[in-house]
Amino acid sequence: MNINILKKHVLFWAAFCCLCLPAVVNAAPPPLRLLLIPMKSPTRMYKDFLPLKHYLEQRLRRPLLLKVARRNSEIAALFREKKIDIAFVCPTLYCTLTKSLPMSPLVKLRLNGRDYYRSVLVVRDDS
């Protein structure tokens, strides 16, 4: 092969790669998918979690998609299938999930430097 033709091919591909590089560098990262447990209506959940969504997007410099699960049982399946990245769950569901899936708490409630959670178990008077 002629050395001049080889140089032209190398220069062409080098220029092509340099022109494509800004598109790759400026490509936005894929959104993180945040799943919420169904505590209230989906509309109310979206409204309540919108400030958190905006805060995380600003801090992480990455878009965030909110989704409200239909049922708590749906959350484990979506984690297994890698269809969600983050989930807002209650402590009971967290304990259930950690028995079958590798995960770590990202945020938890702490008061005065100590973990904090309070719940109440109730029973009917006639049981």
Based on what the data block shows, is Leu93 of a type outside the set (S, T, N, Q), surrounded by 12 or more Cβ atoms within 10 Å (Cβ to Cβ), over 16 Å from the mean Cα position of the chain (by Cα) and part of a helix (DSSP H, G or I)?
yes
Scanning the range 58-75 for residues that are over 13 Å from the mean Cα position of the chain (by Cα) and surrounded by 11 or more Cβ atoms within 10 Å (Cβ to Cβ), which turns out farthest from Pro30 (Cα to Cα)?
Asn72
If I ask for residues that are farther than 18 Å from Lys83 by Cβ, in contact with a strand residue (DSSP E or B) (Cβ under 9 Å, 6 or more places away or on another chain) and charged (D, E, K, R), which ones from the range 54-71 would you list?
Glu57
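With respect to Met1, is the statement that it is out of contact with any Asp or Glu (no Cβ under 7 Å at 6 or more places or on another chain), part of a loop (DSSP other than H, G, I, E, B), at pLDDT below 80 and over 21 Å from Met103 (Cα atoms) true? Lay out the reasoning, then the answer.
Working: out of contact with any Asp or Glu (no Cβ under 7 Å at 6 or more places or on another chain): yes; part of a loop (DSSP other than H, G, I, E, B): yes; at pLDDT below 80: yes; over 21 Å from Met103 (Cα atoms): yes.
Yes.
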If we keep just the residues of the range 96-111 that are assigned to a loop (DSSP other than H, G, I, E, B) and not polar (S, T, N, Q), which is farthest from Pro31 (Cα to Cα)?
Leu109
List the pairs whose first member sits in the range 58-82 and is in contact (Cβ under 8 Å) with a residue 40 or more places away in the chain and under 13 Å from Leu34 (Cα atoms), whose second member is in a strand (DSSP E or B) and not basic (Lys, Arg), and whose Cβ atoms are under 7 Å apart, counting only residues at least 6 apart or on separate chains?
Ile75/Leu35; Ile75/Ala87; Leu78/Leu35
With (1) at pLDDT 85 or above; (2) surrounded by 17 or more Cβ atoms within 10 Å (Cβ to Cβ) as the list, and Tyr55 as the residue in question, which single condition is left unmet?
(2)
Check on Leu78, in contact with a strand residue (DSSP E or B) (Cβ under 9 Å, 6 or more places away or on another chain), in a strand (DSSP E or B) and surrounded by 10 or more Cβ atoms within 10 Å (Cβ to Cβ)
no
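The values are calculated or read from the model by the stated rules, or taken from the named source; none is laboratory data. What you see is a predicted model; the values in this text were computed from it and never measured. Here the Cβ is made from the backbone with ideal geometry for all residues, glycine too, and neighbour counts use every protein chain on show.
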